[in-house]
1. State yes or no: is Glu140 at pLDDT 90 or above, on the phi < 0 side of the Ramachandran plot and surrounded by fewer than 16 Cβ atoms within 10 Å (Cβ to Cβ)?
2. Take the conditions surrounded by fewer than 15 Cβ atoms within 10 Å (Cβ to Cβ), at pLDDT 90 or above and among the aliphatic types (A, V, I, L, M) and apply them to Ala53. Does it pass?
3. Taking the options Pro21, Pro98, name whichever one is in contact with an Asp or Glu (Cβ under 7 Å, 6 or more places away or on another chain) and surrounded by 13 or more Cβ atoms within 10 Å (Cβ to Cβ).
4. Looking only at residues in segment 109-159 that are under 25 Å from the mean Cα position of the chain (by Cα) and among the small types (Gly, Ala, Ser), which one is farthest from Pro65 (Cα to Cα)?
5. Listed residues Arg30, Arg16; which is buried (at least 19 other Cβ atoms within 10 Å of the Cβ), within 16 Å of the chain's Cα centre (by Cα) and within 17 Å of Ile236 (Cβ to Cβ)?
6. Restricting to segment 166-201, and then to whatever is of a type in the set (A, V, I, L, M, F, W, C) and touching a Gly at 6+ places or on another chain (Cβ under 8 Å), can you tell me which residue is modelled with the highest pLDDT?
7. If you go through segment 274-284 one residue at a time, do you hit one that is in a loop (DSSP other than H, G, I, E, B) and either at pLDDT below 85 or in contact with a Pro (Cβ under 9 Å, 6 or more places away or on another chain) (or both)?
8. Which helices (runs of 4 or more DSSP H) does segment 16-82 wholly contain that include 2 or more residues that are of a type in the set (Val, Ile, Thr)?
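The values are calculated or read from the model by the stated rules, or taken from the named source; none is laboratory data. Computed from a predicted structure; not experimentally measured. Cβ atoms come from the backbone with ideal geometry, glycine included; neighbour counts cover every protein chain shown.
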Amino acid sequence: MPLALHLGTDDLTRCRFAISPLCQTHEALRLLRRPSRHGYHQGWLRRVRRTVAALDLSPLWLFVPPPGGYTPDFLGAPPHEPYPSFDDELARMRATDPALAHAEMARSLACTPGLAESARGRAALDDPAATVRRLADLTERAWHALLAPDWPRHRAVLEADIAHRSRAAADGGLDALLTGLHPAVDWADHTLTLRRYADVPDVQPPDGRGVLLMPSVFVWPDVVSGFARPWQPTVIYPARGMGRLHTAEAPRPPRALARLLGHQRAAVLAGLTTPSSTTELARRHCLAPSTVSAHLSVLREAGLLVSWRRGHYVLYGRTALGDALAEGDVRPEAG
């Protein structure tokens, strides 16, 4: 059945975005556990296969049930801040109330017949505080092994998604924002309806705290929603551009754009489907880094790109005008 979230005025005025490295870690683990759902991530899965084999994640797998089952919310709780650090989120996870952890773990284990009564299930529930510590330690290992090396690019994709949807909200209002989240999300009569979703407990109706919107690199093809009290109601949806995050093939630029900018410069603009560094673009287009750097400078001066520093990297992403040109979506105004 569809999931319906009825949003009052207070919820709508408190609708916000966030990026959660902890949530991304557990979405990645779910992707590894459910290989039939990895259509856009073949390259990443192949790359991390040996790394995963060297990690003993079996205690975590205990709480990743089959599709449609419930994963404990405390493993990837909605963050209080828009851009929390992984360390801060992990510290919050370690501080989970053992009684809450016990209730959520029991609910998750019940999704797999007999698992709660098994030796592993009983051991996890007998000492929930120790289990939380063990799961936090494994989550930290998984983060450093699987996501941390790529996090600047992942975060850039998530930030670009939020920027795109914020522009949509500025242009078309809240209706444009909510209806554009995912094909399976409808918005009408103050009700946000998810026609296809995953891992949903008995959701409490929003109570004025607002709804948290979190883009994800790994959640496709689902929309994950819910979070019963005490967690804030949350919708986790596939980030725009995540499908090309782990692919090296660059799209061909529109012919008109290539005639306008030159083929190389147009290809660099079209290839920025996700924010990337000069080194990544040089490798993708088989060009010298100095050549790519020169093209990026011109495109940025023309207002087609923006750049920002993320750790040791400078990342480049398209502006709204750059998106429109690269996608062939610019129409001349009538004179």
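1. Values: at pLDDT 90 or above: yes; on the phi < 0 side of the Ramachandran plot: yes; surrounded by fewer than 16 Cβ atoms within 10 Å (Cβ to Cβ): no.
The answer is no for Glu140.
2. Working: surrounded by fewer than 15 Cβ atoms within 10 Å (Cβ to Cβ): yes; at pLDDT 90 or above: no; among the aliphatic types (A, V, I, L, M): yes.
So Ala53 does not fit the description; no.
3. On the way: Pro98 fails: in contact with an Asp or Glu (Cβ under 7 Å, 6 or more places away or on another chain).
Just one listed residue meets the conditions, Pro21.
4. So the residue we want is Ala156.
5. Details: Arg16 fails: buried (at least 19 other Cβ atoms within 10 Å of the Cβ).
It is Arg30.
6. Applying the first criterion (of a type in the set (A, V, I, L, M, F, W, C)) to segment 166-201 yields 168-170, 174, 176-178, 181, 184-185, 187-188, 192, 194, 198, 200.
Among the residues that remain, those that are also touching a Gly at 6+ places or on another chain (Cβ under 8 Å) are: 168, 198, 200.
Numbers: Ala168: 83, Ala198: 51, Val200: 51.
My answer is Ala168.
7. Quick first cut of segment 274-284, residues in a loop (DSSP other than H, G, I, E, B) only: 274-275.
This time we only want the ones that are either at pLDDT below 85 or in contact with a Pro (Cβ under 9 Å, 6 or more places away or on another chain) (or both), so: 274-275.
Yes, segment 274-284 contains a residue that is in a loop (DSSP other than H, G, I, E, B) and either at pLDDT below 85 or in contact with a Pro (Cβ under 9 Å, 6 or more places away or on another chain) (or both).
8. Details: elements: 21-33, 42-54, 58-61.
Fully inside segment 16-82 and qualifying: 42-54.
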